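The values are calculated or read from the model by the stated rules, or taken from the named source; none is laboratory data. Predicted model only: the values in this text are computed from it and were never measured. Every residue, glycine as well, gets a Cβ built from its backbone with ideal geometry; the counts of neighbours run over all protein chains shown. Accessible surface is based on the protein model in full, side chains and every heavy atom, while ligands, DNA and RNA are left aside. Shrake-Rupley method; radii C 1.70, N 1.55, O 1.52, S 1.80 Å.
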Amino acid sequence: MTEFALDLNDEQKQVRDWLHGFARDVIRPAAAEWDEREETPWPVIQEAAKVGIYSLDFYAQQYFDPTGLSIPMAMEELFWGDAGIALSIVGTGLAAVGVLANGTEEQIGTWIPQMYGDVDDVKVAAFCSSEPDAGSDVGSMRTRAVYDVAKDEWVLNGTKTWATNGGIANVHVVVAVVDPELGSKGHASFIVPPNTPGLSQGQKFKKHGIRASHTAEVVLEDVRVPGHCLLGGKEKLDERLARARERARVGGGERVKNAAMATFEASRPAVGAMAVGTARAAYDYALDYAKNREQFGRPIIDNQGVAFQLADMRTQIDAARLLVWRASWMAVSGKPFTAAEGSMSKLFASEVAKKVTAQAVQILGGNGFTREYPVERMHRDSAIYTIFEGTSEIQRLVIARTLAGVPIR
């Protein structure tokens, strides 16, 4: 087990500086344009692929870092550049985590490379869990997967919503109900291969923030996928469902994690790191502005009201980063989240991002309210962190139930 450390090693620092340079020189100059266009920034993703940032190898190296700090460090730097573009670059990672969390070694080796494509033919992937009537309440999911024994195929029907890269993805990972009587315990994840008939893009959403990231509905109409596209395999699924049915029959017992929750548990500290990156970007800009903006014959940072805001902003950002790093280290070290530390990190960092970006707008005054200055965009982007991959209210519920020893459904 790697000991927890508050300092990055030399290799991690080199990667951090490399990512920061890419965020500064490539992402930031393109941020305003793609925010206005509300389109996937394919040229920026292509540049990320060329230098090795958008690739399976890069994320594998960060994911398997024994300290657990490389992923949150990478997320923070990229999202410091711009949240919308960064999410377009890392959005495929959520689908990849879904396969890593639930798939076999063969499935991992087969499908994750297809999610990224290659430098000459960049691809993206989508993780599809939320539905129009099942967002926070995953137990209300209606998308069904029915097994056709004769053909060894699963037939998927339903509509997914809020899917990053939904409809434009090369590979879709879809969470569906296989046993409605078991609620969220009766879910499973499926790979929908490229060009599978019956899958189509529904509504593309015009969003308040993260506009460069493609978000849309995914419609599944009699989508047939081979049996080997069930993540984890049918034998493992049948065993899990049998245990869940037995526990439901006798009442209580050990909790069984569903496919969507397994993915979100693994990704929540990374989302917290994204929020830290956006908050830090707004703080950096506000600090520089306060040092150079003069009113009444002196820089506005000389005013206690502004200086104290900046002090609070920096303190909250550092505290959020520490919670994210702790949760990331615990996850890679195999330490259980006995107090829902993963949810803690996502909750606190998300709320900090909203507060810090709002303070940045206030420090810039009228300028901060215009699109001529980036803090306006950062403030819009920050709203998503308290919503996706579990709202702040859901994080509090998870934390409270964990502390009380109540099962999380």
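Structure above, values below:
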item: Whole-angstrom gap from the range 142-159 to the range 334-386, using each part's C-alpha centre; result: 40
item: Accessible surface of the chain [probe 1.4 Å, protein heavy atoms]: carbon and sulfur percent; result: 51
item: Candidate aspartates and glutamates - alpha carbon under 17 Å from Lys204, same-chain residues fewer than 8 apart omitted; result: Asp35, Glu36, Glu38, Glu39, Glu131, Glu217
item: Spatially proximal aspartates and glutamates relative to Lys355 (Cα-Cα < 16 Å; intrachain offsets below 8 disregarded); result: Asp284, Asp312, Asp318, Glu376, Asp381
item: Å² per residue, accessible surface of the range 263-352 at 1.4 Å; result: 42
item: The range 308-347: C-alpha gyration tensor shape, a/c 1.5 cut-off, then a/b vs b/c; result: prolate
item: Proximal lysines to Lys13, defined as alpha-carbon separation beneath 24 angstrom and excluding residues fewer than eight positions away on the same chain; result: Lys50, Lys346
item: At R0 = 41 Å, FRET efficiency that the Cβ-Cβ distance of Val406 and Leu322 yields, to 0.05; result: 0.90
item: Taking the chain and dividing mean pair separation by its residue count, relative contact order in percent (alpha carbons under 8 Å, at least six apart); result: 17
item: Order of exposure, largest accessible area first, which applies to Lys206, Lys123, Lys160, Lys291 with probe 1.4 Å; result: Lys206, Lys291, Lys123, Lys160
item: Estimated distance in nm for a label pair at Asp10 and Asp179, the labels positioned 7 Å out from Cα along Cα-to-Cβ; result: 5.4
item: Convex hull volume of the chain per residue (C-alpha atoms, cubic angstrom); result: 140
item: Size of charge dipole - the chain - debye, nearest 20, with Cβ of Lys, Arg +1 and Asp, Glu -1, no other charges; result: 1140
item: Helical segments meeting 30 Å axial Cα length and Kyte-Doolittle -1.0 threshold in the chain (DSSP H); result: 259-292, 304-333, 341-364
item: Residue list for the range 360-399, given a label point 7 angstrom along the Cα-to-Cβ vector of Asp312 and an amide N cut-off under 17 Å; result: 360-365
item: Simple label model, 7 Å out from Cα along Cβ direction - Arg24 to Lys206, nm; result: 3.7
item: Residue-count net charge about Glu76 - beta-carbon cut-off 10 Å; Lys, Arg +1, Asp, Glu -1; result: +2
item: Set Lys123/Lys185; Lys207/Lys234; Lys185/Lys335 screened for pairs whose C-alpha atoms are more than 27 Å apart; result: Lys123/Lys185; Lys207/Lys234
